[in-house]
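The values are calculated or read from the model by the stated rules, or taken from the named source; none is laboratory data. A quick note: this is a predicted structure, and the numbers were derived from the prediction, not measured. Heads up, the Cβs are rebuilt from the backbone with ideal geometry, glycines too, and the neighbour counts pull from every protein chain shown.
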Amino acid sequence: MKVVCFLPDSISFQNKLGMLTRSAGVDFQPCKTEEEAKIFAAKEIERFFLFADAKKVAFLKEFSLAYPSSRIIVILQESLQRVIPQLMDCPNIQCFVATNNGEFDARELILLLKKFESKDYPGLDKHLGFPAIFNQKFIKNQIDKKEALTNLEGFILKIGGNTERFHHYAQRVCDLADELLLNAVFDANPRLKQSSRNEIFQLGEEEQVTIKWGFDGEVFGVSVADPFGTLTKKTVMQYIDENQKTESMGKRASGGLGIKLIFDRLHHFIVNVKPGKMTEVVCLMRFEKRFKDFDSRLRSFHFFQVEDSN
């Protein structure tokens, strides 16, 4: 695998990225110019990855159009919401990697590269280290949903020693999980798409939704999966976009309108979609000592379309 890093204004940044990519078994090649990056892309074709700063909008748009087989990873040194409007229509820009205090999240970056190489994308377990504690519940009705959220709250309070800080985190995570479940039950399911979110629901075996959560001592994760696979990258990005007028996207209180709520309550947002078959949304976060630190972190966003193995 070849990776080209185009960050000529930061040698230190390049060196850190080089160390991380090489540790993932990747051939790292820094580029000094845009033309040099294009030459590598033309040679490597599908095994080419470009890391580029989000500020290089014109170059990213041109590169995306000229080299559609290349994978482009956008490095964020500012809020994703500010970047989205300009890059929303670039089909091969599917991953936005946040930096905080000038540092990459090593775990995120290495796993991302391994996913691209293996094409094995879904699974909350991939994002949590060992040993990790996992919980899972299948949702068919309101009773299941309420029980899952109660268990989730209890899990977070337990790992946090029932402190006031973790009561606050538990509320945040349960709000996030509730929104994910409502999205999966009502917005993803064609049968219930026009129903009110307050209605009693009963899902069949083939419609049931799965929620999982886990913690490895450093990172907490929660995921919700549905069997419909209707979510698209553009839809997610439209709702994350801080400039988007959500009222113009539908009067019903749809799940999309809640994606902003979800995005504010996590650090790493991953969407895996097998069209017509499965959508899995994975949310990762670190329970910072101060909420100010939690809220000030830049957020990452990854979108993967899962290939059918058949």
Report whether or not residue 157 is farther than 24 Å from residue 305 by Cα, without any contact (Cβ under 8 Å) to a residue 24 or more places away in the chain and either surrounded by 13 or more Cβ atoms within 10 Å (Cβ to Cβ) or not β-branched (Val, Ile, Thr) (or both). yes
Restricting the search to segment 48-72, which residues are in contact with a Leu (Cβ under 9 Å, 6 or more places away or on another chain) and closer than 19 Å to residue 101 by Cα? 51, 52, 53, 54
Evaluate segment 81-93: report whether one residue or more is within 20 Å of residue 117 (Cβ to Cβ) and either in contact with a strand residue (DSSP E or B) (Cβ under 8 Å, 6 or more places away or on another chain) or polar (S, T, N, Q) (or both). yes
Could you check, for segment 197-218, whether at least one of its residues is surrounded by fewer than 16 Cβ atoms within 10 Å (Cβ to Cβ), closer than 19 Å to residue 258 by Cβ and either free of Cβ contacts under 8 Å to residues at least 24 places away in the same chain or of a type in the set (Gly, Ala, Ser) (or both)? yes
Pick from segment 59-109 the residues that are aliphatic (A, V, I, L, M) and more than 17 Å from the chain's Cα centre (by Cα): which of them is nearest to residue 267 (Cα to Cα)? 60
Please give the number of the condition residue 32 fails out of (1) at pLDDT 90 or above; (2) more than 27 Å from residue 284 (Cα to Cα); (3) part of a loop (DSSP other than H, G, I, E, B). (1)
Residues satisfying the stated conditions in segment 126-137, i.e. in contact with a Gly (Cβ under 7 Å, 6 or more places away or on another chain) and either surrounded by 16 or more Cβ atoms within 10 Å (Cβ to Cβ) or farther than 23 Å from residue 178 by Cα (or both): 127, 128, 132
